Every structure is written in structure tokens, then in C-alpha cells.
Amino acid sequence: MEAIRQFVKVKNHQVNITLPDDFNADEVEVIIFAKGENEYAIPQWQIDDVRERTEKYLKNPKNVTDIDDFLKEIENEL
């Protein structure tokens, strides 16, 4: 999936979005937020966790858990 994020000015209750030449789609989904309302911060613990998992994966990409096994593990813990 290709995503484009732009901040555009609203003029007369309208916005104009120019897509790159290499963006080829017949239909798109548009979601509009007022600027500033969609700001969020990712907690540092979560950033650290993703970096650690990525590092482990890059060291040994064949040593990953199958999604079905992972879901069974979670189910058993409930």
C-alpha cells in the first residue's frame, strides 16, 4: 500500500491535492483531520521494543514465530 501524507491549506472550504506522477490508482481513500488534532507520541518503551525485535530478526530472520503458533500462545495465556 502506498500512502501520501500532505498538509494543505483550506481555501473556500476546499482542498486541492496534487498526486505524484508515479502514483497510479483509480480510486483513493481520503481522511481529513484538522492540523494538530492528529498529533501523537509513541512511548519510548514501545520504540525500544520494536528496535530490539527488529535487531533480533535481522540477526536471525529464520527464527521467527509462525502467526498461528503465536496466536495459540496468547490464547493459552488467557
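Please treat every number below as a calculation from the coordinates, not as lab data. Note that the structure is predicted; figures quoted are calculated from it, not measured. Cβ coordinates were reconstructed from backbone atoms using ideal geometry, including for glycine residues, and neighbour counts include every protein chain displayed.
Structure above, values below:
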read-out: So Ile17, is it loosely packed, with under 10 Cβ neighbours inside 10 Å and of a type in the set (A, V, I, L, M); value: yes
read-out: Breaking point among (1) touching an Asp or Glu at 6+ places or on another chain (Cβ under 9 Å); (2) loosely packed, with under 10 Cβ neighbours inside 10 Å, for Phe23; value: (2)
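Here is a yes/no grid of residues against (1) in a loop (DSSP other than H, G, I, E, B); (2) touching a Ser or Thr at 6+ places or on another chain (Cβ under 9 Å):
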residue	(1), (2)
Gln6	yes, yes
Asn16	yes, no
Pro20	yes, no
Asn24	yes, no
Glu27	yes, no
Phe33	yes, no
Ile47	no, no
Asp69	no, no
